[in-house]
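Novice: The structure follows.
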Protein chains: 4
Amino acid sequence: MLELSVPEGSEGHLLRAVLDLWPSYLAYIVSFATIGATWLGHNSITHYLHGANTTFLRVNLALLLVVSFLPFPTKLVAEYLGSREDEKVAATILGVTLLAVTSLLSVLWGLALRHQLVHPATGDEEITLLSRRLRPSLALYIVLIVVGWFTPLIAVIGYLVIAFFLIFPFKLGRRQKAEPAVS
Amino acid sequence: MLELSVPEGSEGHLLRAVLDLWPSYLAYIVSFATIGATWLGHNSITHYLHGANTTFLRVNLALLLVVSFLPFPTKLVAEYLGSREDEKVAATILGVTLLAVTSLLSVLWGLALRHQLVHPATGDEEITLLSRRLRPSLALYIVLIVVGWFTPLIAVIGYLVIAFFLIFPFKLGRRQKAEPAVS
Amino acid sequence: MLELSVPEGSEGHLLRAVLDLWPSYLAYIVSFATIGATWLGHNSITHYLHGANTTFLRVNLALLLVVSFLPFPTKLVAEYLGSREDEKVAATILGVTLLAVTSLLSVLWGLALRHQLVHPATGDEEITLLSRRLRPSLALYIVLIVVGWFTPLIAVIGYLVIAFFLIFPFKLGRRQKAEPAVS
Amino acid sequence: MLELSVPEGSEGHLLRAVLDLWPSYLAYIVSFATIGATWLGHNSITHYLHGANTTFLRVNLALLLVVSFLPFPTKLVAEYLGSREDEKVAATILGVTLLAVTSLLSVLWGLALRHQLVHPATGDEEITLLSRRLRPSLALYIVLIVVGWFTPLIAVIGYLVIAFFLIFPFKLGRRQKAEPAVS
C-alpha cells in the first residue's frame, strides 16, 4: 500500500527520522482503513447478489481501478503533508480519490437494487441496513475536501474518522444481539 | 502494475507534477483494462473446461509469463511517451506484448476446442459467443503497432479502446435478457 | 516482505557485498517466522469460531494493520544493525512491533473465549492447548526489548527463537500420535 | 518476481537499452519457470495427502522461505551476468537456491511417503510417477553449479532447461491418453 522508508543519511539520528515519518503513518492508516471499509462493504454486497449484469461488472471494474490507484495519493500525502501549498494539493487528490471509492461502492449497491440482482429472499430490513451502511458520506467527503484546502491535516484526520465509522457502523445496536453472555 | 510517482524536486509545483504524469495514467489504465479483459476471458474458458492436457497447461503458463511481463512495457510507455524516437519504441513494445497476450488467450481456447477439453454439455451457441469474444483482434493490434510507429499516442489510446471492447462485448445483445425489470 | 539488494558499486566484490547483507537475511527470517507463526495461530483461532462480533473484527483489523507494518521495522533492522546507536532504535522498534502482533493475536483468542464465539462442540483440552500456544510470550518479548537496548543482535536472534517456538509448540507431545507408523 | 527497468539516461537509445536487458529477461524466465514447476509439484503432493505432521509443516515452511528468497539471486544474475568475476558469484548463488528449492520439494514428498501421510487409496503407479517427477535433479544442479563457475551463462540456460523438464515431465507418455480424439 505504501512503502515506509526513512530518508538516506538518517545515520546517527534514526529515532528522529522514524518519528518525522508521522505523515506517512497517518496516510498509511487512512488508506488501510478505507480499503478495509470498502472490502467489508463489497463483501456484504456480493453476499446478497444472485447474479450480475454488464453494468454491474463495469462499475465493479471501475471501483477496482480506483482502489488500485489509492497508493499514489497516499504517497503524495505521506511525502508532502507539512510542506506549504503542496500539502493542499496532496490532501485534495486523496480526498477526491476516497470520495470516488465510496461513491462507486454506493453506486454498485444502487445498481444491484435497481436491476433486481439482489437475491429475492433477502429481507427488507437487511437491505435497509446495508443501504445505510453504504451511504457514501458524499456530503462529509465534500466538506473535508474544502476543509483540506485550508487545513490539510484536519481533512486527512477526517478521512480516517469516516473510514472508522464505515468499518464499525452497527456498533451500539448489534452488540446486544451478538454477545448474549458477555461477562 | 505500475508504481506511480512524482519526480523528486516537485516541491512548490506538485499540482503540475501530478498533471504531467498523464502518460503514466494512460499506460496504467491500458494495462489495467487489458489484464481485466484477459482475466474475464480466461475465466470464461476455464468455466467450460472439463479437463486439461499438457499442451493446454504449457500455453497457459506462457500466457501467465507474458501477463507478468506487462508492467515493464507499461512503465516504458509511462516514462517515454512524449519523448521523440523513444516513444515509438515504447509503444511498439507495448503493442507487441498486448498482441501476445490476446493471441495466447485465443490459442488457449482454440486448443480447448480442438482437443475436446470443453465440457460436452456446452451449447454450440455459447461456444460461438466465446469464440467471437476471444477473437484476438490480431488485425487491429497489428494495424495499431504500425500506427504507433508514426503516432504512438494514437496507438496507446487504440489499445485502450480494444481492451474496453474485449471487456464489454455483449453490451447491446445481453442487456435485454439479464435485466428483465429495469425501471 | 523485504526487498534484498546489494548496494550500488558492488562490482568486482559481489561475494563480499552479498555476505555483508547478513543483517538483512536475519531480519528477513525473523519477520518470515513471526508472520508464519501468526498465520498458523490465526488459522487455529478461526477454525474453532462459529461466529464473530464487532469487537472481534476490530481487533482482527488492528492485527492485520500491525502485520502489514512489519516490513518497515524489518527494513530498519536490515539497514541499521551494526551501526552504533541506530541499531538500538531499530531493534527496539522491531521488538515492540512483534510484541504488538503476538499480543493482538492473544487478545483475539481471549475475546473469542470470553464472548462465547468458540463453537460449543470444542473440547476443553483443545481450548487449553491453543491458549497455551497463543500465550503471547509477553514477558519474553519485554525482556528482549530491554536486552536489545544493550545488545541489539542478541535481541533480534531472540525474536527468531520465539517465533520458532510459536511455530512448533507441540513438537514432542504430538509426534507420537500423528505418526503412528514411522519406519 | 523481478522488476524490469531500463537504466536512467536511456533517452535517445531506448531500443538498445531494452535489448541490453537480455540477462534480466533470461533470469526472469528461469525464476518464473522454476516457481511454476515447484507450484505444480507442490499441488500434486498436497493432492495426495490426507494429513500433515509437524515435520512436514516445518519443511513446507522452509520451502516457502527459500522460494520467497528467489527474487534476490534472480536480481543478482539480472544485474551481474556479463560482468567478469561477479557473474560467477551470481550464477552460483542462483544455482544453490534452485537446488535448495527442488531438494526441499523432494524431501516434502519423501516425508509424506515415509510418514504415511499419503491417502491410502492412492495407487502405486501414481506414487511412482510423482516420485520420478519430483526427483530433485540433484546431480544435474550440482553439475551446473560447477559449470557456472566457468561459464555462468551456460549454467543459467541449463537451469531454464531443468525447469522446463520439471514442468512437462509426462510429455510423450501422457498425450496419447489425455487427447483421445485429436483431429
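The values are calculated or read from the model by the stated rules, or taken from the named source; none is laboratory data. Worth saying up front: this structure is predicted, and the values here are computed from it rather than measured. All Cβ positions, glycine included, derive from the backbone under ideal geometry; neighbour counts span all protein chains shown. In case anyone asks, the SASA skips ligands and DNA or RNA and just uses the protein heavy atoms, side chains included. Shrake-Rupley method; radii C 1.70, N 1.55, O 1.52, S 1.80 Å.
Novice: Defining a contact as two alpha carbons under 8 Å apart and six or more residues distant in sequence, what relative contact order in percent does segment D:1-97 show? Present the calculation step by step, with values, prior to reporting the outcome.
Specialist: Working: 55 pairs, mean separation 33.4, N = 97.
Reported as a whole number, the value is 34 percent.
Novice: Related question: Rank A:R58, A:R133, B:R132 by accessible area, highest first, at a 1.4 Å probe radius? Each step should come with its number before you reach the end.
Specialist: Numbers: A:R58 80, A:R133 40, B:R132 140 Å².
Result, largest first: B:R132, A:R58, A:R133.
Novice: If I fit a long axis through the Cα atoms of helix B:152-167 and take the longest principal axis of the Cα atoms of chain B, what angle between them do I get, 0 to 90°, rounded to 10?
Specialist: Taking the Cα atoms of chain B, the angle to B:152-167 is about 30 degrees.
Novice: What are the distances, in nm and sorted shortest first, from the label point of D:W149 to the label points of the same position in each other copy, with each label point placed 7 Å from Cα along the Cα-to-Cβ direction?
Specialist: Ordered by increasing distance: 5.0, 5.0, 7.0 nm.
Novice: Another question, then. Using the crude model of +1 on Lys and Arg Cβ and -1 on Asp and Glu Cβ, and no other charge, please compute the dipole size for segment C:10-109 relative to its Cα centre, in debye to 20.
Specialist: Details: 5 positive and 6 negative charges, 64 e Å.
With Lys and Arg at +1 and Asp and Glu at -1, about 300 debye.
Novice: Here's something else I'd like to know. Measuring from a point 7 Å out along Cα→Cβ, what nm distances, shortest first, does C:L19 have to its partners in the other copies?
Specialist: With the label placed 7 Å along Cα→Cβ, C:L19 yields 4.0, 4.0, 5.6 nm.
Novice: Follow-up question, since we're still on this one. What does the convex hull of the Cα atoms come to per residue for segment C:60-134, in Å³? Mind showing how you got there, number by number?
Specialist: Numbers: hull volume 7.0 nm³, N = 75.
Looking at segment C:60-134, the number lands at 93 Å³ per residue.
Novice: Could you pull out every residue, at least 5 positions away or on a different chain, whose amide H is within less than 5 Å of the one on C:L49? Hs are placed 1.01 Å off N in the peptide plane, and Pro or chain starts have none.
Specialist: Those lying under 5 Å, H to H, from C:L49 are C:H119.
Novice: For the protein assembly as shown, what % of the accessible area comes from carbon and sulfur atoms, probe 1.4 Å?
Specialist: Details: 23380 of 36350 Å².
That fraction is 64 percent.
Novice: Work out the charge dipole of chain D with +1 on the Cβ of Lys and Arg and -1 on the Cβ of Asp and Glu about the Cα centre, then indicate which of D:F69, D:N53, D:L4 is farthest towards its positive end.
Specialist: Comparing the listed Cα positions along the dipole, D:N53 ranks first.
Novice: Compute the FRET efficiency between B:V146 and C:E85 as 1/(1 + (r/R0)^6), taking r as their Cβ-Cβ distance and R0 = 56 Å, and round to the nearest 0.05. List each step's numbers first, then the result.
Specialist: Numbers: r = 61 Å, r/R0 = 1.09.
Once the sixth-power term is evaluated, E becomes 0.35.
Novice: Assigning unit charges at the beta carbon (Lys, Arg +1; Asp, Glu -1) and nothing else, what dipole magnitude in debye, to the nearest 20, does segment C:38-157 show about its Cα centre?
Specialist: On the way: 8 positive and 7 negative charges, 30 e Å.
Here the size comes out at about 140 debye.
Novice: Label chain C by shape, choosing from rounded, prolate and oblate, from the square roots a ≥ b ≥ c of the eigenvalues of the Cα gyration tensor; if a/c is under 1.5 it is rounded, and otherwise prolate applies when a/b is larger than b/c, oblate when it is not. The partial results should precede the final answer.
Specialist: On the way: a/c = 2.33, a/b = 1.76, b/c = 1.32.
It is prolate, given that a/c is not under 1.5 and a/b is the larger ratio.
Novice: Evaluate peptide C:10-19: per residue, the Cβ atoms of other protein chains within 10 Å of its Cβ; return the mean as an integer. Let's see the in-between values first.
Specialist: Details: counts 5, 6, 4, 3, 11, 7, 1, 3, 7, 0.
What the average comes to for C:10-19 is 5.
Novice: Sticking with this structure for a sec: Can you give the average number of partner chain beta-carbon atoms within 10 Å of each beta-carbon in peptide C:57-70, as a whole number?
Specialist: Values: counts 4, 4, 0, 0, 8, 0, 0, 2, 5, 0, 0, 4, 5, 0.
Per-residue shielding by partner chains comes out at 2.
Novice: Now a separate question. In sequence order, what are the phi-derived ³J(HN,Hα) couplings for segment D:65-74 according to the Karplus relation 6.51 cos²θ - 1.76 cosθ + 1.60 with θ = phi - 60°, rounded to whole Hz, with x for glycine and proline?
Specialist: Values, residue by residue: 4, 5, 5, 5, 7, 3, x, 5, x, 4 Hz.
Novice: For every helix of n ≥ 4 consecutive DSSP H residues, a contribution of -39,500 (n - 2.57) applies; sum these over chain B, divide by its total residues, and give [θ] at 222 nm rounded to the nearest 500 deg cm²/dmol. Please report the intermediate quantities before stating the final value.
Specialist: Values: 9 runs with 136 residues, N = 183.
Roughly -24500 deg cm²/dmol at 222 nm, from the helical runs in chain B.
Novice: Given the convex hull of the Cα atoms of the protein assembly as shown, what is a quarter of its surface area in nm²?
Specialist: Reported value for the Cα convex hull: 36.0 nm².
Novice: Let me ask something additional. Hey, for C:W39 with labels 7 Å out along Cα-Cβ, what do the inter-copy distances come to in nm, ordered shortest first?
Specialist: Spacings between copies for this position, smallest first, are 1.4, 1.5, 2.1 nm.
Novice: Hey, what did chain C get for relative contact order, percent, Cα under 8 Å, at least 6 apart? Before the final figure, lay out the partial values.
Specialist: Details: 179 pairs, mean separation 53.4, N = 183.
29 percent.
Novice: Output needed: percent of Cα pairs per 5 Å distance bin for segment A:90-161, bins running from 0 to the one holding the longest distance.
Specialist: Over segment A:90-161, the share of Cα pairs per 5 Å bin runs 3, 16, 23, 18, 12, 11, 9, 6, 2, 0 percent.
Novice: Using only protein heavy atoms and a 1.4 Å probe, how much accessible area in total is buried between C and A, to the nearest 100 Å²?
Specialist: Working: alone 11230 and 11230 Å², together 20310 Å².
Buried surface at the C/A interface: approximately 2200 Å².
Novice: Order A:F165, B:F72, most accessible first, counting only protein heavy atoms with a 1.4 angstrom probe. Mind dumping the intermediate values first?
Specialist: Working: A:F165 140, B:F72 5 Å².
I get A:F165, B:F72, largest accessible area first.
Novice: Still on this model: In chain D, which residue puts its Cβ closest to the axis that turns chain D onto chain B, and how many whole Å away is it?
Specialist: Closest to the axis: D:E3, 6.
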